[in-house]
Amino acid sequence: MTTTATTSATASPLYAVAGVTGHTGRRAAETLLSRGARVRVIVRDPAQGEAWAARGAEVAVADLWDEPALADALRGAAGAWLLSPPRVTSPDPLADAERLGRSFAAAIPRSGVGHVVLLSSVGAQHAAGTGPIRTVHHLEGVLNRLGVARTFVRPAYFLENWASSLGPARGDGVLPTFIPADLVFPQVATADIGRVAAEQLLAGPPADGRRVVELAGPEDLSSADVAALVGALLGRPVAPHAAPAAAASQVFPQFGLSQAVADLFAEMYAGVASGVVAFEGAPVRGSVTARETLAALLAG
């Protein structure tokens, strides 16, 4: 199951990181390695781990829904970054989250991992009215009931979510959105999320067993603000085009998402507009600006 790329001569803590083929896990693993930490990446395909092994990480092959494999992947780790991998074609994403929760509930105690840092979300304190965020509300509850030392990183709306709107912005000067154009809401770059995840692992378990880190970017923005930034980067006028939140239920299946997933996104956008998808307190502010992130998306 686990391939050790390098063996430490010391007893320095080992950190397991899931989701390294995505944005936040990759950033978390990179940050940990850059700070001299021992890292074990969790991948589903051995080929996905080859580049990490070359950088000195251990590689564990496991599907997060596979409880015995996940337990093996977490065994010996002082801390782990876990998340709910997106399954945008799933016919029942809420049932998927329940299955993942059962895997966590079985694997984490069996593994003996000392601290779980979970990718959660703004609004995860609510059980309903938040769309796909309901899945991480469920996972938070699973970890609370386990009693394992846990940190919930609750980031704002990902700035990278604008990537799918940049084609119309470039071609037609329109930035599609399902959020009211003038509504100012928190947004954050995945680079900041991954960095904070690594820092929470390195900080160790919270003294009282549970920590919540709400995370936003340097400034809150409206869709109109994002359109203006994209326009400045493209050198042409770009205007936001805000469709009703409910329209996501009709639009997203055209791009391959399941109807169930599309309906959850429609619920989330409505929750952003209504103020349900919001922080409980004052968030920690990241350092990566919207302009930096949008420029990288346009260049990529």
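The values are calculated or read from the model by the stated rules, or taken from the named source; none is laboratory data. Owing to the predicted nature of the structure, the values given are computational and were not obtained by experimental measurement. Every residue, glycine among them, receives a Cβ derived from its backbone with ideal geometry; neighbour counts consider all protein chains shown.
Among the numbered conditions (1) surrounded by 20 or more Cβ atoms within 10 Å (Cβ to Cβ); (2) assigned to a loop (DSSP other than H, G, I, E, B), the only one that Val226 does not meet is (2). Return yes when Thr135 is in contact (Cβ under 8 Å) with a residue 40 or more places away in the chain, of a type in the set (Ser, Thr, Tyr), more than 30 Å from Ala299 (Cβ to Cβ) and buried (at least 18 other Cβ atoms within 10 Å of the Cβ) and no when it is not. Judged against the criteria, Thr135 is a match. If you check Arg211 against the conditions, is it at pLDDT 95 or above and not in a helix (DSSP H, G or I)? So Arg211 fits the description; yes.
Restricting Ala69, Ala73, Ala95, Ala107 to residues that are part of a helix (DSSP H, G or I) and loosely packed, with under 15 Cβ neighbours inside 10 Å narrows the list to Ala95. For the criterion of being of a type outside the set (Gly, Ala, Ser), surrounded by 15 or more Cβ atoms within 10 Å (Cβ to Cβ) and in contact (Cβ under 8 Å) with a residue 40 or more places away in the chain, Leu83 passes. Taking the numbered list (1) surrounded by 21 or more Cβ atoms within 10 Å (Cβ to Cβ); (2) within 20 Å of Ala28 (Cα to Cα); (3) in contact (Cβ under 8 Å) with a residue 40 or more places away in the chain; (4) not small (Gly, Ala, Ser) in turn, Val116 passes all entries but (3).
Within the range 110-143, the residues that satisfy the criterion of being more than 16 Å from Arg210 (Cα to Cα) and either in contact with a Cys (Cβ under 9 Å, 6 or more places away or on another chain) or not in a loop (DSSP other than H, G, I, E, B) (or both) are Arg110, Ser111, Ile133, Arg134, Thr135. Just one of the numbered conditions (1) surrounded by 15 or more Cβ atoms within 10 Å (Cβ to Cβ); (2) over 24 Å from Gln200 (Cα atoms); (3) charged (D, E, K, R); (4) over 17 Å from the mean Cα position of the chain (by Cα) is not true of Arg40: (2).
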